Each structure stands twice: as C-alpha cells, then as structure tokens.
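The values are calculated or read from the model by the stated rules, or taken from the named source; none is laboratory data. Values in this document were obtained by computation on a predicted structure and should not be read as measured data. Virtual Cβ from ideal backbone geometry, glycine too; neighbours counted across all protein chains shown. Heads up: the accessible areas ignore ligands, DNA and RNA and are worked out on the full protein's heavy atoms, side chains in. Shrake-Rupley method; radii C 1.70, N 1.55, O 1.52, S 1.80 Å.
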Amino acid sequence: MKQLGIIKGLAMCILCTGSAFATLIPIGPVSSSGDGIGSVNSVVTFQNTGIEVGCVGVNSSGMTVTGSTVCAGGVTAPGGITNEQTGSGNNTYTAGDLGLTSGGTLTFANVILVFNGNEGGGAGEPITLDKLSLNLFGTNGSVLGTFSTASAYSANAFPGVGNAGFGFQLDATQAASANSILAANSTLRIGASAQASGANAGPETVFISTINSTQPGGGGGGNEVPEPGSAWMLGSGFLGAAFLLKRRSCRA
C-alpha cells in the first residue's frame, strides 16, 4: 500500500507541473493526387537560400496579400522581407472553397496544412521548417485566430512542387476553437505563415487540404504530443518511482 502511495504521489506531482501542447501537430508524410502548384490548394510558395519566410493573408479591403504585414502566429520576416513567389502560389481560401461547414461533415478537424520542401538538390535534401501557422482572417484583414507548430520540424525535400509533403493538423481542442470562429464568421478567409531554414533554392510550398477523419491523424483527436520538457519530467517521474520501489524491496 505504501508503494502504491508513492506512485500516486509522484504521478500527482508530475501532473501538477502542467504540460504544453502544440496546436498544429505533425501527422507525417502526406501524398496528393495533384502534381504542381496549380493542381493543389497552394496557400503560400516561397523561395530563398538559407532562411526563407512566406506569409499570405487578407488586407483591410478583403484582398489577398503577401508580405510581412500578414505574417502571424509567431512567424517574423527578418528585416521585414518575405520571399513569396508571385502568381498562383499564394492564395487565401474561404471555408466554402474547402467544403467546410459549421457543424457539418467537414470541419477544421479535417483540415491539414502540408509543407512541401522542393530543394535544388532534389528529393532527400534536408530542410528545417522552423514555424508553420494556420491563420484565420476576417474580411477586414483582422486576425481572428492563429494556430502554430510548437517547435522546429526537420524534413527531407520531396520531388516536384506541390505533389506531396509533411502534414500538420489541429489538435482536437484547437479544431473546436477554429470551428467556433467559423460559426461566428462564416466569411472568414484562411491563410498561412511559414519560416524555413537550411534552404537551398526552393521553391517551398504550403498547401491546404482535407483529410477523412477515419484516416490516421484524421479528426485531430488523440495526437497531442508533450513538449520536450514535459516528456523529460514524465520520464524522470517514472524512473524515480522505480528507484524508490526497488530501494524499499531491497530493505524488506
């Protein structure tokens, strides 16, 4: 009984420290039937050597714009400079464009952002996605909500532009928050901000898609990942419990 009490006490101590969770979490490689920027719902396409930043959103007139003025979710453009490509690679989308409806079959629980690194060296060349944010804008350019990755994500480039990449999805709590924003703002527009490092020519593309909730990672549920500090505390707690139990066993 005393041993059980020790475990319970340590568990409570671990829980009371709290833990932080990512609001935009990685779900692994994602394939797309499209091939090329025009075949997928490209949000932002950006290109530079070294550090590159791309942001797309809405201005006060409701027009889609790119640049540092619409960088949100903790993405900052060094010196106010962003590296978006011109043309069809930069877009914002309405909920209707993606088939999303408030309380309907497809909601923000089904939305994924896909980062497609397309480096000059071809498939397999490393690149680091420092930050990725899904941003919701009002028609007057106001930021209604922003959902971001919690830490950098190392990936390898895919061949081609916009045909595949690494998916990121809202966790259950944040998907519900985004759905509430949609319910109150049916005309909102969806944009994104991204920053990558270790880039070599590019171009990199972030595109938006939907995923069926029955597929792995779908629905945003159960994919919360503890921050490194939280995971370390959790592991330390269980190691401590094992040590104390072994010590008591040796004394018996």
Worksheet item: Do we have any residue at all in the range 196-216 that's under 17 Å from residue 51 (Cα atoms), surrounded by fewer than 19 Cβ atoms within 10 Å (Cβ to Cβ), aliphatic (A, V, I, L, M) and modelled with pLDDT under 85?
Response: yes
Worksheet entry | Where a residue in the range 100-120 is free of Cβ contacts under 8 Å to residues at least 60 places away in the same chain and its partner, wherever it lies, is open to solvent by 10 Å² or more (accessible area, probe 1.4 Å), with Cβ under 8 Å and at least six apart | 101/107
Worksheet item: Does residue 223 fit the bill of being at pLDDT 95 or above, within 16 Å of the chain's Cα centre (by Cα) and not small (Gly, Ala, Ser)?
Response: no
Item to complete: Select from the range 82-99 the residues that are farther than 20 Å from residue 50 by Cα, among the hydroxyl-bearing types (Ser, Thr, Tyr) and surrounded by 13 or more Cβ atoms within 10 Å (Cβ to Cβ) and list them in ascending order.
Response: 92, 93, 94
Worksheet entry | Candidates 178, 192, 152 - the one that is modelled with pLDDT of 90 or more and open to solvent by 50 Å² or more (accessible area, probe 1.4 Å) | 152
Item to complete: Could you please let me know if residue 143 is open to solvent by 50 Å² or more (accessible area, probe 1.4 Å) and either on the phi < 0 side of the Ramachandran plot or without any contact (Cβ under 8 Å) to a residue 12 or more places away in the chain (or both)?
Response: yes
Worksheet entry | Filtered residue count, the range 67-81, keeping only those that are in a loop (DSSP other than H, G, I, E, B), farther than 14 Å from residue 130 by Cβ and open to solvent by less than 60 Å² (accessible area, probe 1.4 Å) | 2
Discussion item. Out of everything in the range 100-138 that is open to solvent by less than 40 Å² (accessible area, probe 1.4 Å), of a type in the set (Gly, Ala, Ser) and over 18 Å from residue 152 (Cα atoms), what residue ends up being modelled with the highest pLDDT?
Written reply: 138
